[in-house]
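Bear in mind that the values in this text are calculations on the coordinates, not laboratory data. Just so you know, these numbers come straight off a predicted model, no measurement behind them. Neighbour counts are summed over all protein chains in view; Cβ atoms, including those assigned to glycine, are modelled from backbone coordinates with ideal geometry.
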Amino acid sequence: QVQLVESGGGFVQPGESLRLSCAASGISFRLYAMGWYRQAPGKQREFVATITSGGDTNYQDSVKGRITISRDNAKNTVSLQMTSLKPEDTADYYCNANRYTMNYWGKGTLVTVSS
């Protein structure tokens, strides 16, 4: 059974930092591209960042320079380090694992940025 479990969400003030983590089980983690997506209230889910099995990264333009995705294949985890958070970063953040036609999602973790 595939499980992706996100953690690390919370309430922060603008300008603060937060680190999200996703623990994967039930997959050959090192073979999967991993990603983070987010969904703000009333909006569609959108891409935030991805990291390939080889470690190549890709970011949404609005988060470049503020957010870093990384993976630890020994621990089967993928992380999202977020800095200089803005109110518009408020959303449910979802972990994704993808390989060919196999695509899995976690249940999400809420990030709220507000003063």
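A crude spin-label estimate for the pair Ser53 and Lys75, with each label 7 Å from Cα along the Cβ direction, gives 2.3 nm. Over every Cα atom in the chain, the radius of gyration and the widest Cα-Cα span, Dmax, amount to 13.3, 42 Å. Could you work out how far the C-alpha centroid of the stretch 41-115 sits from that of the stretch 1-30, in angstrom? The distance from the Cα centre of the stretch 41-115 to that of the stretch 1-30 comes to 8 Å.
Put a plus charge on the Cβ of each Lys and Arg, a minus charge on the Cβ of each Asp and Glu, and nothing anywhere else: the dipole of the chain about its Cα centre is then about 200 debye. Run down the aspartates and glutamates and flag those whose C-alpha is under 12 Å from the C-alpha of Lys86, throwing out any fewer than 8 positions away in its chain. Correct list for Lys86: Glu16.
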